[in-house]
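A.B. asks: Got a structure here, written out as C-alpha cells. Questions coming.
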Amino acid sequence: MNFMNQAFLSAKKAYQHNDVPIGAVIVRDGKIIARGENRVQKSKNPTLHAEIVAINHACKKLGQKFLDNCDIYVTLEPCAMCATAISFARIKNIYFAAIDDKGGGITANARVFDTDKHLWKPNIVQLPEYADKSAEMLKDFFKKQRMNKKDK
C-alpha cells in the first residue's frame, strides 16, 4: 500500500469541507491505524491539523499516549505545533511530501528538531517525488478561495 497516496485521500477530504488540503496517516506494522485531515475550518478549532487529528485517532485506537514504532505520512511539512506533537507522541518516522517555506516547522521557520533539546526526535524524510502533487493541490485550493472572495 502506498501510504503517501492514502494521506492524499485524506487531504482531498479536507478540501471537500473547505479546509486547507493536508492529510496524514499513521502506520504501524505496515498497516494504517489512523487517518487525519485538516479540520480547522470545519470544527472552528485552529489546533485540528491533519497530524493532530491522526495522532488523536491513533492514541484512542491503541489506548496509549505513545506511538512507538509508528510512522506518520503527511502531504505537507508539519508546522511547529504538529512537529512537537509528533515528538511528544514518540512517532518513529515522519515522511512528508512538500516543504512548507511559510509554515513548516522542520526545514523552515521554527526548525523544531535542530537542537538536541527534545525528549524524542523522529527520523525525518522528505519524499520529493510527491512534492508537486501536494503543491498543486494547495495552489488549486487557494486559487479557489481567492475566486470565491471575488464573487462576494
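A.B. asks: Among what's in segment 54-68 and is modelled with pLDDT of 95 or more and surrounded by fewer than 16 Cβ atoms within 10 Å (Cβ to Cβ), pick the residue that is farthest from Leu119 (Cα to Cα).
C.D. replies: So the residue we want is Lys61.
A.B. asks: Every residue in segment 17-53 that is open to solvent by less than 40 Å² (accessible area, probe 1.4 Å) and over 14 Å from the mean Cα position of the chain (by Cα), please.
C.D. replies: Ile32, Ile33
A.B. asks: Exactly one of these conditions fails for Met1: (1) at pLDDT below 95; (2) outside any loop (DSSP other than H, G, I, E, B); (3) not polar (S, T, N, Q). Give me its number.
C.D. replies: (2)
A.B. asks: Would you check which residues across segment 74-132 are among the basic types (Lys, Arg) and crowded, with 16+ Cβ neighbours inside 10 Å and list them?
C.D. replies: Result: Arg90, Lys92.
The values are calculated or read from the model by the stated rules, or taken from the named source; none is laboratory data. None of the values given here were measured: they were computed from a predicted structure. All Cβ positions, glycine included, derive from the backbone under ideal geometry; neighbour counts span all protein chains shown. SASA here: full protein model, heavy atoms, side chains in, ligands and nucleic acids out. Shrake-Rupley method; radii C 1.70, N 1.55, O 1.52, S 1.80 Å.
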